[in-house]
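Before we start, here is the structure in question, set down as structure tokens.
The values are calculated or read from the model by the stated rules, or taken from the named source; none is laboratory data. Source: prediction; values computed, not measured. Heads up, the Cβs are rebuilt from the backbone with ideal geometry, glycines too, and the neighbour counts pull from every protein chain shown. Side chains included, ligands, DNA and RNA excluded: accessible areas come from the protein's heavy atoms. Shrake-Rupley method; radii C 1.70, N 1.55, O 1.52, S 1.80 Å.
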Amino acid sequence: MLTSIKSGTLKGSVRVPGDKSISHRALILGALATGTTKITGLLEGEDVLATGAALSALGAGVNKKDAAWVVHGRGVAGLNAEPGELDFGNSGTGARLMMGVIAGQNVRTAFTGDESLSRRPMGRVLTPLILMGLNVEGDDDRLPLTLTGATDLVPIVYELPVPSAQVKSAVLLAGLHAPGETTVIESVPTRDHTERMLRHFGAELTISHEKNGTAITVNGDAELDGRDVCVPGDPSSAAFLTAAVLITEGSRITLEGVLVNPTRTGFYETLKEMGADIQYQNEREEGGEPVADIQVASGPLKGVEVPADRAPSMIDEYPVLAIVASFASGETRMEGVGELRVKESDRLASTLAGLKACGVDAFADEDTLTVQGGKGVRGGGHIETHMDHRIAMAFLVMGLGAEKPVTIDNAAIIATSFPDFVEIMRALGAQIQQLEPSDP
Ligand code: S3P
């Protein structure tokens, strides 16, 4: 258990860990390429390491050498070792992207995960992959499942029924094996790291804007070449530090080298609308992605309406936005957040329960979360994280600004995405303490 306590000013300059989405993709494309891929800045969180372990069980070389990770690829269809069971731990991204990879390999393997991942729906990814030729053994769309790839995948045109970068990416990865063109159409833009990185590795990919959305087409029978990848800082991890600064008086920090791809920055856009002092400095491009140093300072905030079409660009940031909203004056209404129900936990339910336990007025329906701010945040809650790293970090942040300490039941889960979170927060001046179960 960890407890966070009302803290003084936070100050300093930090580098947040590598972006989780880009880290998974760098390992995967490295394994599907011929030759060597050198990755710097890889997130060494449990989620990404599970993807690395799965790829090495499938025959790719995945090793850390000095400060970089080196992947010796097997070629697009070359992952043919007998891997045994692949355990993706807590990671929906790892499991779902790897389903797209396995679809085109001459491999039969079981996919497993922890209790949280085993509750999450896989059907959204399996439906298009089955259309392409993947064989699935299992009772429903939950892990554990046994998958058998096919060497004669069929290309498809697939309109995403939910705005999900994981589904889009799985279909595009499978499309690398299908002769001809595989197209994914998305009506709302989702994170585009797979598209950017496929091009970086030499795949032929076209993007066109149609009346029903953006069509992304990948050419099958592709060949990928090993490349160097430099992983920028994760804006979803930076969000917790940003929120901590905003709710502790007199604080100011700089977050160095953060990814500012517009498909990921909805949280920062929203904070600016709330009146937050957030500046992007030294904007530049690194490894095909836009990056900046983000300077954040605390100050008064007001509640806002967050439109539904912004959800994909900040889908992982709603729990921590709800924390910020409780310290802002007035109401914050977040529309179009139904997808939160199928994340590492039911994030609508876990955020709402945590807010209530800390004395914040909030309510939710199927697709909306509303937080009443500006009434003072009592804190004092014991938060059930439900094996969800973002719930754990969001509520630790709340305790730094609340009147009474906030305690979370599971600190270990933070290592899935941000292993150094507590150390970094403490170095900035945050008071976070270990608590024994017997402590009051
Ligand atoms: C991710 C996509 C998002 C996000 C997840 C990472 C990715 O999920 O919540 O943390 O790397 O593609 P969905 O695609 O299900 O929205």
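Working out 0.36 nm times the residue gap between His209 and Arg333, then minus their Cα-Cα distance, what length gain in nm do you get to one decimal?
Numbers: separation 124, 0.36 × 124 = 44.64 nm, distance 3.05 nm.
That pair, His209 and Arg333, stretches by 41.6 nm at full extension.
Multiply the residue separation of Thr148 and Ile5 by 0.36 nm, subtract the distance between their alpha-carbon atoms, and state the gained length in nm to one decimal. Could you put the intermediate results ahead of the total?
Details: separation 143, 0.36 × 143 = 51.48 nm, distance 5.00 nm.
Extending this stretch completely gives an extra 46.5 nm.
Over 10 Å intervals from 0, what percent of Cα-Cα pairs in the range 341-440 sits in each interval?
Reading the bins upward from 0: 15, 47, 33, 5.
Further question on the same structure: Rounded to the nearest 5, what is the percent of antiparallel bridges among the DSSP beta bridges in the chain?
On the way: 60 of 81 bridges.
If we restrict to bridges inside the chain, about 75 percent are antiparallel.
Counting heavy atoms of the protein chains only and a 1.4 Å probe, report the per residue accessible area for the range 367-440 as a whole number of Å².
Numbers: 2890 Å² over 74 residues.
Value for the range 367-440: 39 Å² per residue.
Also, quick follow-up: Under 13 Å from the Cβ of Gly336, count the other residues' Cβ atoms, weight Lys and Arg +1, Asp and Glu -1, and hand me the total. Please report the intermediate quantities before stating the final value.
Working: positive: Arg310, Arg333, Arg341; negative: Glu305, Asp309, Glu335, Glu339, Asp365, Glu366, Asp367.
So the surrounding residues net to -4.
Still on this model: Residue by residue, what Karplus-based ³J(HN,Hα) values in Hz, rounded to whole numbers, does the range 150-161 have, using 6.51, -1.76 and 1.60 with θ = phi - 60° and x for Gly and Pro?
Going residue by residue, I get 10, 8, 10, 5, 9, x, 9, 10, 10, 8, 5, x Hz, with x marking Gly and Pro.
Can I ask one more? For a quick protection proxy, order the peptides 273-286, 103-116 by their average other-Cβ count within 10 Å, most packed first.
Numbers: 273-286: 14.6, 103-116: 20.2.
Result, highest mean first: 103-116, 273-286.
Which percent of the accessible area of the chain is formed by carbon and sulfur heavy atoms (probe 1.4 angstrom)? Let's see the in-between values first.
On the way: 7490 of 15820 Å².
Solvent-exposed carbon and sulfur of the chain make up 47 percent of the total.
Please list the three semi-axes, largest first and in whole Å, of the ellipsoid equivalent to the chain, using sqrt of 5 times the eigenvalues of its alpha carbon gyration tensor.
Working: eigenvalues 267, 93, 91 Å².
Whole-Å semi-axes of the equivalent ellipsoid: 37, 22, 21.
Sorted by average packing, counted as other Cβ atoms within 10 angstrom per residue and highest first, what order do 209-222, 419-432, 323-336 take? Present the calculation step by step, with values, prior to reporting the outcome.
On the way: 209-222: 15.5, 419-432: 18.1, 323-336: 22.1.
Put in order of decreasing packing, that is 323-336, 419-432, 209-222.
Separate question: Among Leu301, Ile247, Ala349, flag the residue with its Cα farthest along the positive direction of the charge dipole of the range 232-356, charges on Cβ as +1 for Lys/Arg and -1 for Asp/Glu.
The residue sitting most towards the positive pole is Ala349.
Let me ask something additional. Solvent-accessible area per residue for the range 226-274 at a 1.4 Å probe radius, Å²?
Numbers: 1160 Å² over 49 residues.
Per-residue value: 24 Å².
P(r) of the range 20-230 in 10 Å steps, Cα pairs, percent per bin?
For the range 20-230, the pair-distance distribution reads 9, 39, 39, 12, 0.
Which lysines does Lys64 reach when only Cα atoms under 18 Å apart count, and residues fewer than 8 places away in its own chain are ignored?
Lys20, Lys38
Taking the Cα centre of the range 13-119 as origin, work out the dipole magnitude from +1 charges on Lys and Arg Cβ and -1 charges on Asp and Glu Cβ, in debye rounded to 20. Display every interim value, and only then the final one.
On the way: 10 positive and 10 negative charges, 80 e Å.
Using Cβ point charges on Lys, Arg, Asp and Glu, the range 13-119 gives about 380 debye.
Quick one: which residues, 5 or more positions from Thr34 or on another chain, have an amide H under 5 Å from its amide H? H modelled 1.01 Å from N in the peptide plane, none for Pro or chain starts.
Hits under the 5 Å cutoff: Gly75, Leu224, Asp225, Gly226.
Leaving out ligands and nucleic acids, and using a 1.4 Å probe, what accessible area per residue does the range 1-145 come to in Å²? Mind showing how you got there, number by number?
Working: 5140 Å² over 145 residues.
Value returned for the range 1-145: 35 Å² of accessible area per residue.
Same structure again: If you put +1 on each Lys and Arg Cβ and -1 on each Asp and Glu Cβ, how big is the dipole of the chain around its Cα centre, in Debye rounded to 20? Before the final figure, lay out each step's value.
Values: 37 positive and 58 negative charges, 144 e Å.
Rounded to the nearest 20 debye, it is 700 debye.
Using a Cα-Cα cut-off of under 29 Å, which lysines could be cross-linked to Lys375, ignoring same-chain neighbours fewer than 8 residues away?
Counting by Cα, and skipping residues close in sequence, Lys375 has these lysines nearby: Lys6, Lys11, Lys272, Lys302, Lys356, Lys404.
Would you please put 304-310, 198-204, 403-409 in order of how densely packed they are, using the mean number of other Cβ atoms within 10 angstrom per residue and starting with the highest?
Descending mean neighbour count gives 403-409, 198-204, 304-310.
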